[in-house]
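K.L.:
Please find one structure pasted underneath; my questions will follow.
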């Protein structure tokens, strides 16, 4: 039986494939899936593997029908039965084509025999050839793709997010380097979220993204780079739970995030150039100054890329789109970190190096635990996606006097002591 972590890895791998075209037309989806079928993927617990493009299409269908659960792996109907070409041999074939893209299939077949990967005649060369052709394993030369200017037709079609490295300033008397986490709407150029923080981490991104979702609704696509903060499984789970397509740019491909890169330039020239590097700020005060600049000097001024103010363009398109919204409680719940634990015989579980006490009825059972990122001790047990009981860290001193857990002394024993 697969563990929950293993299942989640497979779900997030599959979601990462379909996410870029989650809201595209059927024609664009098929074209994208056919392109992806030429690639070799590192699949959790399977190694390097390729897929037929129709497999990707079935994942998209399953996700639309059943959401996150629809991407969970299903047991193969032929499990336990021998197959002529197994996943291990398929992985070897893909590796050979990675090393030698122009290798002919006849030469590949001889190479597999010489290296002992297969025996002569089992499988035969024709079987290998058919397998390669059916699965589109042999790479095809791809012409270079020109970069074209683009803009989504409506607000919330696409949000772009990134971190900008700022100045070293005195914050509460101590000099820190500041980081700006920002999210820009592609159509309107409106900054739907932006906050300065002392670290470039998941907690900073989570705060900005939660406020953006609460204020402006859900985007169709969130586009960001491959940094550790944006590539985390937690962000993938958040987007998968609420139907946002999380798409990552290629490494070092900052031009693909040109709109937010252009905003960073505006921040440096229009805001940071006026900031005193010797003044002492609180982080809240500095963010208040930035919010005031953002409202008056950016959102309400003509943007030469759209020949409107970002605020005017955003509101002008409101009547053309349906804004999907979630309540604050729903958004908070989506961002909870989720874990699975087996309850020990003493009715406890361990999470983040802290021991928690759970109701005795869960002894021996596997429970799902969730907590906010910023409050790792605010832990709830979830059943069927809903919170059922909040658990607390074990109080060993309280338990020592409990009639159930502790050692009880009678009056004579206490007097003797």
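K.L.:
Over segment 158-320, what is the relative contact order in whole percent, taking alpha-carbon pairs under 8 Å and six or more residues apart?
P.N.:
Values: 233 pairs, mean separation 39.8, N = 163.
Normalised by residue count, the contact order of segment 158-320 is 24 percent.
K.L.:
If you take the beta carbon distance between residue 383 and residue 64 as r and set R0 to 25 Å, what does 1/(1 + (r/R0)^6) give as a FRET efficiency, to the nearest 0.05?
P.N.:
0.45
K.L.:
Next question. At 0.36 nm per residue, minus the direct Cα-Cα distance, what do residue 354 and residue 338 gain on full extension? Give it in nm, one decimal, please.
P.N.:
On the way: separation 16, 0.36 × 16 = 5.76 nm, distance 1.54 nm.
Using 0.36 nm per residue and subtracting the Cα-Cα distance, I get 4.2 nm.
K.L.:
Sticking with this structure for a sec: Express as a percent, rounded to the nearest 5, the fraction of DSSP beta bridges in the chain (both residues included) that run antiparallel.
P.N.:
Taking every DSSP beta bridge with both residues in the chain, the antiparallel ones total about 80 percent.
K.L.:
Sticking with this structure for a sec: Obtain the nm distance between the two label points defined at residue 390 and residue 52 by a simple spin-label model: each point lies 7 Å from its Cα along the Cα-to-C-beta direction.
P.N.:
In this crude label model, residue 390 to residue 52 measures out at 5.2 nm.
K.L.:
Using 1/(1 + (r/R0)^6) with R0 = 60 angstrom and r between the beta carbons of residue 170 and residue 133, what's the FRET efficiency to the nearest 0.05?
P.N.:
About 0.35, to the nearest 0.05.
K.L.:
Please compute, over every Cα-Cα pair in the chain, the percentage with a separation greater than 36 angstrom. Before the final figure, lay out each step's value.
P.N.:
On the way: 38409 of 86736 pairs.
Value for the chain: 44 percent of Cα pairs lie more than 36 Å apart.
K.L.:
Dimensions of segment 336-400 along principal axes (Cα, Å, largest first)?
P.N.:
Dimensions of segment 336-400 along the principal axes of its Cα atoms: 33, 25, 17 Å.
K.L.:
Right, here's the next one. Quick one: what Rg and Dmax do you get for segment 158-320 from the alpha carbons, in Å?
P.N.:
15.7, 49
K.L.:
What distance in nm separates the simple spin-label points at residue 291 and residue 26, each placed 7 Å from Cα in the Cβ direction?
P.N.:
4.7
K.L.:
So what is the relative contact order of the chain, in percent, for Cα pairs below 8 Å that sit 6 or more residues apart?
P.N.:
12
K.L.:
Determine the calculated [θ] at 222 nm for the chain from helices alone, applying -39500 (n - 2.57) to every DSSP H run no shorter than 4 residues and normalising by the residue count; nearest 500 deg cm²/dmol. Present the calculation step by step, with values, prior to reporting the outcome.
P.N.:
Working: 14 runs with 147 residues, N = 417.
One gets -10500 deg cm²/dmol as the mean residue ellipticity at 222 nm.
K.L.:
Could you grab the relative contact order for segment 246-381? Cα pairs under 8 Å, six or more apart, rounded to a whole percent.
P.N.:
13
FYI, it's all coordinate maths here, none of it is from the lab. Computed from a prediction, not measured in an experiment: that's the story for all the values here. Methodologically, a virtual Cβ is constructed for each residue, glycine included, from the backbone with ideal geometry; neighbour enumeration extends over all protein chains shown.
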